[in-house]
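Read the figures in this text as sums done on the coordinates, not as results from a lab. Please read all numbers here as calculations on a predicted model, not as lab measurements. Positions of Cβ are generated from backbone atoms using ideal geometry, with glycine treated the same way; all protein chains shown enter the neighbour counts.
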Amino acid sequence: PNIPGKSLVAAVVTYPPNGASPSHHHAKSAFIYAYVLEGEIGSSVDGSAPKIYKAGESFYEDPGSHHAISENASKTKPARLLAVFVIDSGDNKLTVPDGQ
């Protein structure tokens, strides 16, 4: 509330075993903080080498980042992460699938 024109949006992303999100871009205004709540999440952003984050670990993404890999690293256990977006108010598309 003390940053005019910005909003804070939190989302829990749940991946079933072996689940993944399609590659996508994040909103051009969104700074993102991600915290792994459960399991292990594989991630690659803006051409970085893929990395696995375990429960209790976190990472961030800059505005407009390209998220090529976002997946559950386990084929047998679920995984969850909390994604917190600091985004321009009214910028309602948090992610845009590649090709759109």
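Computed values, structure above
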item	result
Spacing of the two label points (7 Å from each Cα toward its C-beta) at SER44 and LYS75, in nm	1.9
Cut-off under 5 Å, modelled amide H: who pairs with ILE69 long-range	SER44
Residues with amide H under 5 Å from that of GLY64, placed H, sequence gap 5 or more	HIS26, ALA27, LYS28, SER29, ALA30
Mean Cα-pair separation over length for the chain, i.e. relative contact order, pairs under 8 Å, 6 or more apart, %	44
FRET efficiency, SER23 to TYR60 (Cβ-Cβ, R0 22 Å, nearest 0.05)	0.75
Shape parameters for segment 46-99, alpha-carbon atoms, Rg then Dmax in Å	13.0, 38
Segment 55-100 versus segment 1-37: alpha-carbon centroid distance in Å	4
Rounded to whole Hz, the Karplus (6.51, -1.76, 1.60) HN-Hα couplings of segment 14-29, x for glycine and proline	10, 10, x, x, 6, x, 8, 9, x, 4, 7, 10, 9, 3, 5, 9
Kirkwood estimate for the chain, i.e. one over the average of 1/r between Cα atoms, Å	13.7
Cα-projected label distance for VAL96 with LEU8, points at 7 Å along beta-carbon direction, nm	2.7
Calculated FRET efficiency for the pair SER89/ILE52, C-beta based, R₀ 25 Å, to 0.05	0.15
